[in-house]
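Take a look at the structure below.
The values are calculated or read from the model by the stated rules, or taken from the named source; none is laboratory data. None of these values were measured; they are calculated from a predicted model. No Cβ is skipped: glycine too gets one built from the backbone with ideal geometry, and neighbour counts run over all protein chains shown. For the accessible areas, the whole protein counts, side chains as well, though only heavy atoms, and no ligand, DNA or RNA atoms are used. Shrake-Rupley method; radii C 1.70, N 1.55, O 1.52, S 1.80 Å.
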Amino acid sequence: MAAKGKILVIDDDPDFLEFVTIVLESRDYEVYTAENAREGLATMRQVKPDLVLLDVMMSYALDGLNVTREMRSDPELREIPLILISAIVSREEAELFPTDEYLHADLFMSKPIEPAELLEQVGKLIARPKE
């Protein structure tokens, strides 16, 4: 059976990477992982994923935001659907993030993530017609 799509997960938490990989592979997605922004961007350019799941807070910095800016300024990457993930739980904290024109995410999800919700959102974004 062919994979439903290629998904890249960028997160510096190995337990989260393993969890998401298990959940997505259970529905026949081809999963790639990266533990930092640099590795994530290199993998993105190499495999051209159908969707990226990106942790906002990596290495004690807003590394994830730098990845979104890099994606949106690169013609080969800018159309890839993006789900931003963070352990930030309150709306007040979420409002602290910069929201410039380069920070375009299709969805924001908070950790912990429910497997059913993740699969539903991933399915919607991958099925969405390309522009």
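Odds and ends about this structure:
- Matching residues in the stretch 6-16 - criterion: being in a loop (DSSP other than H, G, I, E, B) and either of a type in the set (Ser, Thr, Tyr) or open to solvent by less than 50 Å² (accessible area, probe 1.4 Å) (or both): 11
- If you go through the stretch 35-48 and keep only what is open to solvent by 10 Å² or more (accessible area, probe 1.4 Å) and either within 16 Å of residue 24 (Cβ to Cβ) or among the aliphatic types (A, V, I, L, M) (or both), you end up with 37, 41, 42, 43, 47.
- For first residues located in the stretch 20-48 and more than 12 Å from residue 67 (Cα to Cα), partners that are charged (D, E, K, R) and in a helix (DSSP H, G or I) and lie 6+ apart or on another chain with Cβ distances below 7 Å form the pairs 31/25.
- Residue ranges of strands (runs of 3 or more DSSP E) in the stretch 17-131 with at least 1 members of a type outside the set (Asp, Glu) and at pLDDT 95 or above: 30-34, 51-55
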